[in-house]
Amino acid sequence: MDKAPLKTGVVIYSHSGHSRRVAQKLADALNATIIELNAPEFQGLFGYLSAGFESLRQTCKLANQEFKTLADYDHIILCGPVWTSYPATPLRGLLRSDITLPWSVSLFLTSGGNPPATKAFKTAEADLGRKLIATASLGNKQEGTPEEDRIIDAFLKELASTHDQPKLHAL
């Protein structure tokens, strides 16, 4: 008996385009829907400065979103940048919000620094209140290289292996 494919959403916040490119690759590979996070307060030069300040302060407000729940998805992948060693404030705001998420949540981060983003993953799990299903980070210098393909493939394999074990991660 074949399993029905998972309904997957890739929730994206991208300030400079690095995360958007990765999110599109993930969405294409998984036949997933891209869901943009609304974060107008972080646009432009002053928004960029505000983003760094808010990240350091760990203020994780989430602007109003077009969606009220993501529970219609079997799995969501959050995709966005690392800011000051933490997931970008809009991602953290979503994890801390009252927006309902499915049990299965993963995180793929992009970074101007050198991955892995261990501190960012631990912070996201603390914000979410449970373990992430799969994690990966990609340094901007790795974009367009064979290393990028290896990282994305490993992330997709990690996702597949956890979803082949029905609800074990829900215990």
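Got a sec? Which of ASP74, ASP98 is surrounded by fewer than 16 Cβ atoms within 10 Å (Cβ to Cβ), within 20 Å of ILE35 (Cβ to Cβ) and touching a Ser or Thr at 6+ places or on another chain (Cβ under 9 Å)? Result: ASP74 is the single residue among ASP74, ASP98 that is surrounded by fewer than 16 Cβ atoms within 10 Å (Cβ to Cβ), within 20 Å of ILE35 (Cβ to Cβ) and touching a Ser or Thr at 6+ places or on another chain (Cβ under 9 Å). Looking only at residues in region 73-94 that are out of contact with any Pro (no Cβ under 8 Å at 6 or more places or on another chain) and among the aromatic types (Phe, Trp, Tyr), the one that is nearest to GLN43 (Cα to Cα) is TRP83. Applying the selection to region 75-113, what residues are part of a loop (DSSP other than H, G, I, E, B) and either of a type in the set (Gly, Ala, Ser) or over 20 Å from LEU156 (Cβ atoms) (or both)? Listed by number, the residues that qualify are THR84, SER85, ALA88, SER97, ASP98, ILE99, LEU101, GLY112, GLY113. Sort out which residues of region 138-160 are more than 18 Å from ASP28 (Cα to Cα) and outside any helix (DSSP H, G or I), and write them in order of number. Passing the criteria: GLY139, THR145. Of LEU94, LEU107, which residue is at pLDDT 95 or above, within 16 Å of the chain's Cα centre (by Cα) and of a type outside the set (Val, Ile, Thr)? It is LEU107.
The residue of region 114-137 that is farthest from ALA63 (Cα to Cα), among those that are β-branched (Val, Ile, Thr), touching a helix residue (DSSP H, G or I) at 6+ places or on another chain (Cβ under 8 Å) and not in a loop (DSSP other than H, G, I, E, B), is THR135. Among the residues making up region 102-137, a single one is buried (at least 21 other Cβ atoms within 10 Å of the Cβ) and closer than 19 Å to GLN65 by Cα: VAL105. Annotation: of all residues in region 1-27 being outside any helix (DSSP H, G or I) and of a type in the set (A, V, I, L, M, F, W, C), the one that is modelled with the lowest pLDDT is MET1.
The values are calculated or read from the model by the stated rules, or taken from the named source; none is laboratory data. What you are looking at is a predicted structure, and each value in this text was computed from that prediction instead of being measured. Neighbour counts are summed over all protein chains in view; Cβ atoms, including those assigned to glycine, are modelled from backbone coordinates with ideal geometry.
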